[in-house]
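These notes concern the structure reproduced below.
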Amino acid sequence: MMRKIGISLTMRAGRIIVMLVLMAILFIVFSMMDPMFYGSRNVENVLRSIAPILLIGVGQSVVLITGNIDLSIGSVMGMSCMVSATMMSSGIEPAMAAVVSLLICCAFGVLNGELVSRAKMPSYIATLGTMMICRGIAQIANQNYDTGFIGHGARGFRDLFFYGRFLGMYDIVWIVFAVWGILLFVLVKTRTGRYMYAIGNNLEASRLSGIGVVSTVRKAYVISAVCAGLAGIITTAETGYGSMTVGSLYELYAVAVAVIGGISTLGGRGLLAGTAVGAAIWGILQNGLIRVGAPLSLRNIAIGIIVVVVVAIDVTSRTRRSGAN
Amino acid sequence: MRKEVFRADSVTCTRAGLKLLDNFSLHVFEGEVLGLFFADNRGKDEFVGLATENRAIDYGRVLFMDRQVNSYNAANSVRPGAAMRIGYVSRTEGLIGDMTVAENVFVMRRGFRKYIINKSVLTSQFAALAEEYGVSLDGSVYARDLSMADAYIIQALKAVVDGSALIIVRNACIEYGDPELTKFQQQVRRFAERGVSFIYISGDINVLTGVCDRVAAVEGGRVIRVVDRSEYTAEKLRRYHFSPGRMPVLPEAGTASMLRFDKVSFGSISKFDFSVSEGECVLLWDRMDRIRSDMRSLLSREAKPDSGEIRVRGAQISKSSGAAHISYIREVPTRSMIFSEMSCLDNLCIRAAERVPSLWMGSARRTVIRDEYRALIGDSIDADSPQGLPAESLYDLVYMREYIYNPRILVLERPFIETDIGLRMHIMSLIAMFKQRRTAILIIDSSTTDSAAVSDRMLIVGGSGITGERALGIEEGME
């Protein structure tokens, strides 16, 4: 029995280990091609560039674990960026603008959760609808124009979310790491987290076991929306203005990062540690390919191939296991 | 001399080190209905796979229509479907509900080559075919609207149209004594008279003796006895019936009402009026199997009754009150109630976490649960995943999960379906544990064969609600 347990644990962690090895290989390859790649300055920049993608990846992972998907995550990110930037450029306190943006995102998280769990709409349809709505809000936030500069009053805000450093790393890396840690704790150590896995694994059994499916799924979507909102605020701090195109295609990038990290698209399986590795692979690939002068198309192809292979492995392993069972 | 349709000669199949078919020998003649009774479920799937998919075997050979189609030497085997046309009738999944009967029979089959489908032509073709085989059904009816017996009949007819000389019937889960079963079995006999052979697999010996020319009993993956129609006697089949001496002793029911349905109407449920007392086990016998999903919706608080009210311990059921007192276990819980991606201990604890929110924070509480329930569940409790565990352990997991939670009311949906005799006895002992604790138990079942054995009372569900009530003893459940 103990041997069986050992084997099973290894299999579960196996995906992350494989991805860690892939990450290390990519890092070594790019370092050999460009010695500047492993310089501390570049590593810091890679970490900072990973931050928003890790945030939305983590949000998407939580939703995927419940067996659903959040296609609105990129548009929510764009909406958060535009709303916060519009408010800041109008002279409103950056802190206030950030809070209001996050509250609006939160409201869309609740809406997504209600549509999926209470109204029982397919998640990809419900969030496709809210994706359009959020993109529309991002566009009308500043009358169909990108915003102007968010102002010198937002210097502190930009320091916190982009330029500031603490213990040798950018503040934003610490912030995102903290969010990731909190969500990791929620998923692994709390009842809500276990319920999320249970719902993704077996919805009917969860319902019959007295698990509050509606409230748990709603929480997952709120987490996802808040993560997207935070990623939008980070983008505002990075660029110094609001762009209507922020977050375009990020819903797909979020899925890609989660899936590369071993989060199952079928729900109920995966660890946020994997999402972090997925985001790291994403960042290394993007940065490395840029540094060696590869075109954008090659970057997309590389990421696409990894996603397809990883999902194929996931589906095959599940089918084999259920067949063997 | 009668023509032999199917023969398995000393077939042995081993999977993952376990002999599923062990020197399995069987033959079926043209126009014969052969019953297969698996005393312990071992080899059932493998046999069906062998017959329908021509799976590889380790030893022996298989002949179909006097031609060798499978042998331990793979070079002598043929592709499935190339020479073996064997139909398979199993529950209702074989039909597409949103298609008409005629479309299911003619369009959804191998070799259908037309590009344009004319529904009226199909319907008239079906009428001629139905007349030929004595089937009284309209081809334009949607498959989803068929009764259980009709669904099986259409599957069999589809197999006949497909050219199957042999049809395997499995899990025809219609109650013994039910007119639906009689209807289906009469049709099977009509097909047999026209030369179609059947292998009829059932866990109820009474079902088999009602239609089969011979019954073969299989135990440990080996045919241990074949009884001819003329030899059906209680003595010869006795060992495959329940032994009353092995039944768990159940305590007397109390009088305090735990669950009360007060003129409840919802969907197929019409003015249900009954109560279940503390420590009592009540069987709600719905032979048409129509109320199950509606009862599930009501008792899992997904829906409210259209009229009437449900009371738990005297208080009206709602999301906030009463909900916490009910545990619900669906049919075949090894599939429907297991969290396959969680460890066995987590499976066990997930319900208890509702009452102890901090259960996942540290391992101390779960360790206590593990140590306490190891004696009941065994070493399976340490398994990292429930996948691959034997059925008994999975049933233990599901029932013990609710046992830890300690509900006032336990609702069981068809608890004995798709189980062998050993497993049935095990489930009975699990149900008895709840009764010992004086939990009120409501069983919703379309069969009385096993459920009646653990119930104190049976409520009979008819078209217009609960139409009758019978007190049950253990002896009556045996009948």
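Values computed for the structure shown
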item	result
First in the range B:404-433 and within 13 Å of residue B:393 (Cα to Cα), second anywhere and surrounded by fewer than 18 Cβ atoms within 10 Å (Cβ to Cβ) and modelled with pLDDT under 85, Cβ under 7 Å, 6 or more apart	B:422/B:40
The range A:136-169, residues that are open to solvent by 100 Å² or more (accessible area, probe 1.4 Å) and under 14 Å from residue A:240 (Cβ atoms)	A:149, A:152, A:155
The one condition in (1) of a type outside the set (D, E, K, R); (2) over 23 Å from residue B:289 (Cβ atoms); (3) touching a residue at least 40 places away in the same chain (Cβ under 8 Å) that residue B:398 fails to fulfil	(2)
Test: residue A:304 is farther than 15 Å from residue A:42 by Cα and open to solvent by 20 Å² or more (accessible area, probe 1.4 Å)	yes
Among (1) farther than 30 Å from residue A:20 by Cβ; (2) at pLDDT 90 or above, the one test that residue A:240 misses	(2)
Every residue from the range A:196-209 that is out of contact with any Pro (no Cβ under 9 Å at 6 or more places or on another chain) and within 7 Å of another protein chain (Cβ to nearest Cβ)	A:197, A:198, A:201, A:202, A:204, A:207, A:208, A:209
Elements of type helices (runs of 4 or more DSSP H) in the range B:382-479, at least 1 residues being open to solvent by 10 Å² or more (accessible area, probe 1.4 Å), over 27 Å from residue B:366 (Cβ atoms) and touching a helix residue (DSSP H, G or I) at 6+ places or on another chain (Cβ under 7 Å)	B:421-436, B:474-478
Yes/no for residue A:218 being in contact with an Asp or Glu (Cβ under 9 Å, 6 or more places away or on another chain), of a type outside the set (Val, Ile, Thr) and more than 14 Å from chain B (Cβ to nearest Cβ)	yes
Residue list for the range A:193-219, filter: open to solvent by 40 Å² or more (accessible area, probe 1.4 Å) and within 17 Å of residue A:58 (Cα to Cα)	A:218, A:219
Selection status of residue A:261, surrounded by 19 or more Cβ atoms within 10 Å (Cβ to Cβ), in contact (Cβ under 8 Å) with a residue 40 or more places away in the chain and either within 30 Å of residue A:299 (Cβ to Cβ) or more than 14 Å from chain B (Cβ to nearest Cβ) (or both)	yes
Only one of B:459, B:430 that is away from chain A (no Cβ under 14 Å) and in contact with a strand residue (DSSP E or B) (Cβ under 9 Å, 6 or more places away or on another chain)	B:459
Test: residue in the range B:214-236 that is out of contact with any Phe, Trp or Tyr (no Cβ under 6 Å at 6 or more places or on another chain), assigned to a helix (DSSP H, G or I), modelled with pLDDT under 55 and outside the structural domain of residue B:278 (by TED's automatic domain parsing)	yes
Members of the range B:1-24 found to be under 25 Å from the mean Cα position of the chain (by Cα) and within 14 Å of chain A (Cβ to nearest Cβ), listed by number	B:15, B:18, B:20
Test: residue in the range A:231-242 that is more than 14 Å from every other protein chain (Cβ to nearest Cβ), of a type in the set (Asp, Glu) and open to solvent by 30 Å² or more (accessible area, probe 1.4 Å)	yes
Any helices (runs of 4 or more DSSP H) falling wholly within the range A:14-122 and containing at least 2 residues that are surrounded by fewer than 20 Cβ atoms within 10 Å (Cβ to Cβ)	A:40-65, A:94-113
Residue ID - surrounded by the most Cβ atoms within 10 Å (Cβ to Cβ), chosen from residues in the range A:174-192 that are facing chain B (nearest Cβ under 7 Å) and assigned to a helix (DSSP H, G or I)	A:191
Residue list for the range B:1-40, restricted to those being assigned to a loop (DSSP other than H, G, I, E, B) and either modelled with pLDDT of 90 or more or buried (at least 17 other Cβ atoms within 10 Å of the Cβ) (or both)	B:30, B:31, B:32, B:39
Selection from the range B:268-310 of residues that are over 18 Å from the mean Cα position of the chain (by Cα), aliphatic (A, V, I, L, M) and more than 14 Å from residue B:257 (Cβ to Cβ)	B:269, B:295, B:298, B:299, B:303
Spans of helices (runs of 4 or more DSSP H) in the range A:213-300 with at least 1 residues over 16 Å from the mean Cα position of the chain (by Cα) and among the basic types (Lys, Arg)	A:213-239, A:272-291
Flag for residue A:249 being at pLDDT below 90, within 14 Å of another protein chain (Cβ to nearest Cβ) and over 16 Å from residue A:67 (Cα atoms)	no
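Residues are listed down the side, and each one gets a yes or a no for (1) away from chain A (no Cβ under 11 Å); (2) at pLDDT below 90; (3) not in a helix (DSSP H, G or I):
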| site | (1), (2), (3) |
| --- | --- |
| B:320 | yes, yes, yes |
| B:324 | no, yes, no |
| B:328 | no, no, yes |
| B:335 | no, yes, no |
| B:341 | no, yes, yes |
| B:348 | yes, yes, no |
| B:353 | no, yes, no |
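The values are calculated or read from the model by the stated rules, or taken from the named source; none is laboratory data. All figures in this text were calculated on a predicted structure; none of them were measured in a lab. So basically every Cβ, Gly included, is an ideal-geometry build from the backbone, and we count neighbours across all protein chains shown. These accessible areas exclude ligands, DNA and RNA; they are computed on the full protein's heavy atoms, side chains included. Shrake-Rupley method; radii C 1.70, N 1.55, O 1.52, S 1.80 Å.
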